[in-house]
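Participant: Mind looking over this structure? Questions follow.
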Amino acid sequence: MIEIQAITRVHHRGDTEVPALRGVTCSIPEGRFTFIVGPSGSGKSSLLYLIGALDQPSGGDIVVAGRSLAGMSASQRDEYRRNEVGFIFQSFNLLRNLDCVDNVLVPWLPGGVSPARRAEACQMLGRVGLTDRLSHRPGQLSGGEQQRVAIARALLKQPRLVLADEPTGELDSRTGAEIFGWLRELHRDQGTTVVVVTHDLSYIEPGDNIIRLRDGLVIDGGTEYTGGPLTADGVPATAD
Ligand code: ADP
Ligand code: MG
């Protein structure tokens, strides 16, 4: 369970304060496939980064499986981020000068990589269909292939939590569907909690949990999608 408690986040742009999150309280059940939806600028990415401890809130706290992120030391937060959370970004976030295998191994490079870990990385790349791309660099791969490398990297940790920010934002719809297929498989096989920020509501399936933000506030703290058309805001069209 991820409990988001009265989270605020004020960004600073020059002298201007930009309140990205203005007191967000909601919870994300463990093991659910959850979408965070809302208009551009509503605070979706800000919230996702806070859940992953890539950023720190201006106020409030996030409690993940009973542990307060605010209560952790910087090194405990590093460990949480490195060991427990898999990140998938819109822009893939691969290192250009590393091949696929090393890109998958990035989180482990500082501590040294055992041969067994390297073999696992190759295996994971095979699992996402990249067996014949192991020594390719990101520039030699398509967008969909790059995102699969990022997914293999996220999966190698066997994290309890995967956070994806617009993972299909730079992909065509067919490739996007394929990427969601991998996320769904991971969710099914490992029971991973998956939290996805997207503006493409077509990827939402019955049983998914939908959280809606607007202007830095929660307007729906979690509704199970039961099927049928959604409005542009992610609301079941028949609900009103
Ligand atoms: P979303 O992902 O829903 O589009 P964001 O969380 O990226 O929303 O942004 C919420 C608000 O915070 C927007 O007004 C955005 O311009 C602002 N913002 C986000 N990140 C920064 C930053 N690093 N510096 C300044 N303002 C930011
Ligand atoms: Mg965003």
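The values are calculated or read from the model by the stated rules, or taken from the named source; none is laboratory data. Remember, predicted model here, so these are calculated numbers, not experimental data. With ideal geometry, Cβ positions are generated from the backbone for all residues, glycine too; neighbour counts draw on all protein chains shown. For accessibility, only protein heavy atoms count, side chains too; no ligands or nucleic acids. Shrake-Rupley method; radii C 1.70, N 1.55, O 1.52, S 1.80 Å.
Participant: Find all pairs meeting these conditions: Cβ atoms under 8 angstrom apart; at least six residues apart or on different chains; first residue within region 176-198 and of a type in the set (Gly, Ala, Ser); second residue in a helix (DSSP H, G or I).
Facilitator: Gly176/Tyr203; Ala177/Tyr203
Participant: Additional query: Going through region 47-58 one residue at a time, which ones are open to solvent by less than 20 Å² (accessible area, probe 1.4 Å) and either closer than 12 Å to Val24 by Cβ or β-branched (Val, Ile, Thr) (or both)?
Facilitator: Of everything in region 47-58, those that are open to solvent by less than 20 Å² (accessible area, probe 1.4 Å) and either closer than 12 Å to Val24 by Cβ or β-branched (Val, Ile, Thr) (or both) turn out to be Leu47, Leu48, Leu50, Ile51.
Participant: State yes or no: is Asp189 surrounded by fewer than 17 Cβ atoms within 10 Å (Cβ to Cβ) and either aromatic (Phe, Trp, Tyr) or in contact with a Lys or Arg (Cβ under 8 Å, 6 or more places away or on another chain) (or both)?
Facilitator: No.
Participant: So is Gly181 surrounded by fewer than 16 Cβ atoms within 10 Å (Cβ to Cβ) and on the phi > 0 side of the Ramachandran plot or not?
Facilitator: no
Participant: Restricting attention to region 214-239, which residues are under 21 Å from Phe180 (Cβ atoms) and not in a loop (DSSP other than H, G, I, E, B)?
Facilitator: Passing the criteria: Gly222, Thr223, Glu224, Leu230, Pro236.
Participant: Right, something else. Looking at the structure I just gave you, is Val194 closer than 30 Å to Gly38 by Cβ, touching a Phe, Trp or Tyr at 6+ places or on another chain (Cβ under 7 Å) and not in a helix (DSSP H, G or I)?
Facilitator: Against the criterion (closer than 30 Å to Gly38 by Cβ, touching a Phe, Trp or Tyr at 6+ places or on another chain (Cβ under 7 Å) and not in a helix (DSSP H, G or I)), Val194 qualifies.
Participant: How many residues does region 78-113 hold that are in contact (Cβ under 8 Å) with a residue 60 or more places away in the chain, open to solvent by 70 Å² or more (accessible area, probe 1.4 Å) and among the aliphatic types (A, V, I, L, M)?
Facilitator: Number satisfying all stated conditions: 0.
Participant: Name the one entry in Arg118, Arg148 that is part of a helix (DSSP H, G or I), more than 21 Å from the chain's Cα centre (by Cα), on the phi < 0 side of the Ramachandran plot and among the charged types (D, E, K, R).
Facilitator: Arg118
Participant: Could you name every one of the strands (runs of 3 or more DSSP E) located completely within region 1-82 that has at least 2 residues being within 16 Å of ligand 2 (Cβ to nearest atom)?
Facilitator: Strands (runs of 3 or more DSSP E) meeting the threshold: 2-13, 16-28, 33-37.
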